[in-house]
Amino acid sequence: MKVVKSAFKFKGGVHPDYNKGLANNKLIEALPMPSELVISMSQHLGAPAKCIVKPGDYVSRGQIIGERNGFISVCVRASASGLVKAVEKRLGPAGGKADAVILDTTASAPEGVEMLGDGPVLKPLDWENSSREELIARVEEAGICGMGGAGFPTSVKLNPPPGKRCEYLIINGAECEPYLCADHRVMVEKASRIRLGVEIMRKILGECAVRIAVESNKPDAIQALSEAFADISGNVEIVVLSVLYPQGSEKHQIFATVKRIVPEPPALPIDVGCVVENVSTAVAIADAVEKGEPLLERVTTVSGDAISEPKNILAPCGTKYSDLVQFCSGTKETPAKVISGGTMMGFAVPSLEIATTKTTSGILLLSSRRVFQYTSGPCINCGRCVRACPMCLNPADISKAVEANDISDAERAHVMTCIECGACSFSCPAYRTITQFCRRAKNSIRARIAAEKAKAAAAQNAAEKKEIQK
Ligand code: SF4
Ligand code: SF4
């Protein structure tokens with residue numbers, strides 16, 4: 001196993017203030033079980049899970065409470081035993097509302113109802129003697145999705161369609177978002193679990209090269225991984241990346257590690273022979289297979305200058321932000337902004353009643369000194385956003401098109417390839433909300449495509465009906 005420096009630099013990118021020093025040396029601490037969990041059915045990319053419990057039900061830790069609801073979907077399991085108090089729509093970390101199970105974890109089950117307790121939920125598997133189908137099924141039943149932020153169902157990613165082969169398994173440990181260090185701590189403290197996850201994925205994907213990508217500002221993580229992977233067989237390298245945002249983006253990581261370019265959507269990394277998985281996802285796979293533990297908890301960084309004690313906390317999925325903040329000894333001052341995720345791609349949230357999901361890598365509480373008040377002005381054609389854009393787009397043109405309500409023009413300017421990284425808004429001296437313009441255009445284009453598909457399907461149904469009636 002070699003440690004090499006990345007020889008490839010993508011175009012664009014920016015250097016925001018990383019502010020990782022607040023929490024990157026803090027050991028992961030386990031949160032005592034909160035008295036109430038809010039477990040969302042929409043913790044992943046794709047169709048939300050279908051809730052199968054109702055108020056008054058007692059559920060066991062690990063029991064399925066939301067069934068997988070389509071090909072791009074994952075199941076949701078109860079992060080703790082308890083009583084279902086309610087099933088209702090709740091606001092999630094990214095702003096949308098979804099069904100959530102409100103669980104009272106202090107209620108004990110009535111006599112005769114057996115609870116699973118804290119032992120393994122699934123039967124541990126001997127991975128070396130399990131088939132790839134058994135391992136994929138385990139990843140699926142454990143409810144694992146990408147834990148780096150996107151939440152793509154992992155069992156789908158690990159099962160490439162016929163004719164596609166994984167040549168490179170890339171393990172994403174870049175964590176380039178400011179403040180966040182959950183993955184950093186996982187690499188330092190759970191490097192041997194990452195290795196096991198990698199070996200299981202290699203068995204699923206077939207013989208492939210492995211590249212573990214880590215930014216150079218995490219020397220202790222590089223050291224821990226080097227030791228854990230020292231005697232691994234096969235073509236495995238740790239690739240040290242330069243510190244540059246958005247180095248953790250899937251497409252940019254593929255370029256920085258193996259110099260391959262993923263074409264425009266709907267192309268996927270597997271189209272260029274790559275599968276990218278986050279370091280925490282690798283640990284979740286190891287735990288699901290070897291210990292029989294589904295994905296019920298994750299490490300979340302709680303940081304920012306308004307929090308009393310920044311921490312990295314292992315907490316059940318469905319933990320309310322207020323419980324995490326309390327565990328950090330509360331706030332030093334009233335935060336001016338609470339952000340779910342990092343400062344570049346995260347979402348400002350209106351309250352601490354929002355709960356974590358499988359993809360919540362961090363929450364930030366920022367004081368008014370860190371929250372810049374600005375008024376967005378007209379474009380001065382300085383070109384800084386064009387230089388910053390890692391997708392080689394012209395963000396200025398796109399923002400002007402959306403401002404003028406000309407979504408077709410934004411589409412012609414390839415807005416659908418925008419990864420919403422925020423590098424353009426970060427660079428703009430006129431404080432234009434370019435990323436929000438891109439997001440608005442993408443949502444509008446997606447809605448139009450969905451409406452066109454629905455119209456075509458309805459026309460086809462009507463034609464088939466007519467044919468049958470003949
Ligand atoms: S948000 Fe989109 S347009 Fe802006 S820099 Fe990132 S990829 Fe480019
Ligand atoms: S950075 Fe802002 S002001 Fe400069 S070209 Fe881009 S949108 Fe216009």
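Some observations on this one:
- All positions within region 376-389 that are more than 6 Å from ligand 2 (Cβ to nearest atom) and at pLDDT 95 or above: VAL386, ARG387, ALA388, CYS389
- In the condition set (1) in contact (Cβ under 8 Å) with a residue 40 or more places away in the chain; (2) within 16 Å of ligand 2 (Cβ to nearest atom), THR343 is compliant with all but (2).
- If you go through region 408-441 and keep only what is surrounded by 19 or more Cβ atoms within 10 Å (Cβ to Cβ) and assigned to a helix (DSSP H, G or I), you end up with ALA410, VAL415, ALA423, CYS424, SER425, SER427, ILE434, THR435, PHE437, CYS438, ALA441.
- Flag if PRO395 is surrounded by fewer than 15 Cβ atoms within 10 Å (Cβ to Cβ) and more than 30 Å from ASN25 (Cα to Cα): no
- Of the candidates VAL121, VAL186, the single residue that is in the same structural domain as PRO246 (by TED's automatic domain parsing), among the hydrophobic types (A, V, I, L, M, F, W, C) and either at pLDDT below 95 or not in a loop (DSSP other than H, G, I, E, B) (or both) is VAL186.
- When residues in region 417-432 are screened for being of a type outside the set (Gly, Ala, Ser), out of contact with any helix residue (DSSP H, G or I) (no Cβ under 6 Å at 6 or more places or on another chain) and either more than 8 Å from ligand 1 (Cβ to nearest atom) or closer than 11 Å to VAL14 by Cβ (or both), 4 of them pass.
- Positions within region 1-26 being crowded, with 17+ Cβ neighbours inside 10 Å, of a type outside the set (A, V, I, L, M) and within 16 Å of SER308 (Cα to Cα), in sequence order: ASN19, LYS20, ASN24, LYS26
- Qualifying residue in region 285-294 (condition: outside the structural domain of ASP17 (by TED's automatic domain parsing) and basic (Lys, Arg)): yes
- In this entry, VAL258 is excluded by the filter for residues that are at pLDDT 95 or above and either more than 15 Å from the chain's Cα centre (by Cα) or crowded, with 20+ Cβ neighbours inside 10 Å (or both).
- Selected residue (criterion: surrounded by the most Cβ atoms within 10 Å (Cβ to Cβ)) from residues of region 64-95 that are within 24 Å of ARG439 (Cα to Cα) and not basic (Lys, Arg): GLY92
- Some residue of region 382-404 being assigned to a loop (DSSP other than H, G, I, E, B), within 11 Å of ligand 1 (Cβ to nearest atom) and of a type in the set (D, E, K, R): no
- ALA396 being hydrophobic (A, V, I, L, M, F, W, C), more than 9 Å from ligand 2 (Cβ to nearest atom) and touching a helix residue (DSSP H, G or I) at 6+ places or on another chain (Cβ under 7 Å): no
- Remark: pairs (first residue in region 363-387, within 16 Å of SER427 (Cα to Cα) and of a type in the set (Val, Ile, Thr); second residue part of a loop (DSSP other than H, G, I, E, B) and within 16 Å of ligand 2 (Cβ to nearest atom); Cβ separation under 6 Å; 6+ apart in sequence or on different chains) = ILE380/ALA430; VAL386/ASN394.
- Restricting attention to region 1-55 and to residues that are of a type in the set (Asp, Glu) and assigned to a strand (DSSP E or B), the residue that is nearest to ligand 1 (Cβ to nearest atom) turns out to be GLU29.
The values are calculated or read from the model by the stated rules, or taken from the named source; none is laboratory data. As the structure is a prediction and not an experimental result, all values here were calculated from the model. Neighbour counts are summed over all protein chains in view; Cβ atoms, including those assigned to glycine, are modelled from backbone coordinates with ideal geometry.
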